[in-house]
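Engineer: The structure is given below, and queries will be raised subsequently.
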Amino acid sequence: MEQQGYIVDIVDKKTAKLKMQRHSACASCGKCATTSEKKDIIVEVDNTIGAQVGDRVKVNMETVNVLKAAAIVYILPLIFLLAGTIATYFLLDSISFNGNVELLSGIIGLSLMLLAFVILKKNDKKFRDSREYIPIVTEVVLKCGSEIKL
């Protein structure tokens, strides 16, 4: 997935903040500082080519990584919810539990889904440090101050 945007801040030697229009594929992955009303987002990018603040750049993130990130964020909690609910239901049913099996199964499923979110949040720094799931600046399209004035 390739997009363009403007460098708005340099975080460190390898990382910058990029302002770009939100793409439908990454609208709510959670890595961007945005509200649902805005069309522009600010996202951290791998800036090993040394783009400067104000430069218009191309960024690329492999589609495989976008899909893996989406699977981790959306599918993992869903798996925890379904597995917890279904496994608890059948376990309680097999031991002839006299209480409300459906309610208890739902509560345990929701609790496991919450646990999945806690695990994801706890490992967020590890995902960031791997740099596998952040876009990479591939090219400076327009240097800051080199715009053509008419």
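The values are calculated or read from the model by the stated rules, or taken from the named source; none is laboratory data. Being a predicted model, the structure only gives us computed values, none of them experimental. Don't worry about glycine lacking a Cβ; one is built from the backbone with ideal geometry, like all the others, and counts go over all protein chains shown. Each accessible area value is taken on the protein alone, full model and side chains, heavy atoms only, with ligands, DNA and RNA left out. Shrake-Rupley method; radii C 1.70, N 1.55, O 1.52, S 1.80 Å.
Engineer: Across the range 5-35, what is the total count of residues that are outside any loop (DSSP other than H, G, I, E, B), open to solvent by 60 Å² or more (accessible area, probe 1.4 Å) and either out of contact with any strand residue (DSSP E or B) (no Cβ under 6 Å at 6 or more places or on another chain) or at pLDDT below 85 (or both)?
Structural biologist: 4
Engineer: Give the range 58-69 a look and list any residue that's among the hydrophobic types (A, V, I, L, M, F, W, C) and either exposed (fewer than 15 other Cβ atoms within 10 Å of the Cβ) or modelled with pLDDT of 95 or more (or both), or say none. Before the answer, list the steps.
Structural biologist: Looking only at the range 58-69, we keep the residues that are among the hydrophobic types (A, V, I, L, M, F, W, C), and these are 59, 61, 64, 66-67, 69.
Val64, Leu67, listed by residue number.
Engineer: When both residues are 6+ apart or on different chains and their Cβ atoms are under 6 Å apart, which pairs have a first residue that lies in the range 112-124 and is within 11 Å of Leu76 (Cα to Cα), and a second that is open to solvent by 50 Å² or more (accessible area, probe 1.4 Å)?
Structural biologist: Partner pairs satisfying both residue conditions: Leu112/Phe80; Met113/Phe80; Ala116/Leu76; Ala116/Phe80.
Engineer: Residues being open to solvent by less than 60 Å² (accessible area, probe 1.4 Å) and of a type in the set (S, T, N, Q): count how many of those fall in the range 77-115.
Structural biologist: 3
Engineer: For the condition modelled with pLDDT of 80 or more and either loosely packed, with under 13 Cβ neighbours inside 10 Å or in a helix (DSSP H, G or I) (or both), what is the one hit in Val118, Val45? Walk me through it before giving the result.
Structural biologist: Values: Val45 fails: either loosely packed, with under 13 Cβ neighbours inside 10 Å or in a helix (DSSP H, G or I) (or both).
Exactly one of Val118, Val45 is modelled with pLDDT of 80 or more and either loosely packed, with under 13 Cβ neighbours inside 10 Å or in a helix (DSSP H, G or I) (or both), namely Val118.
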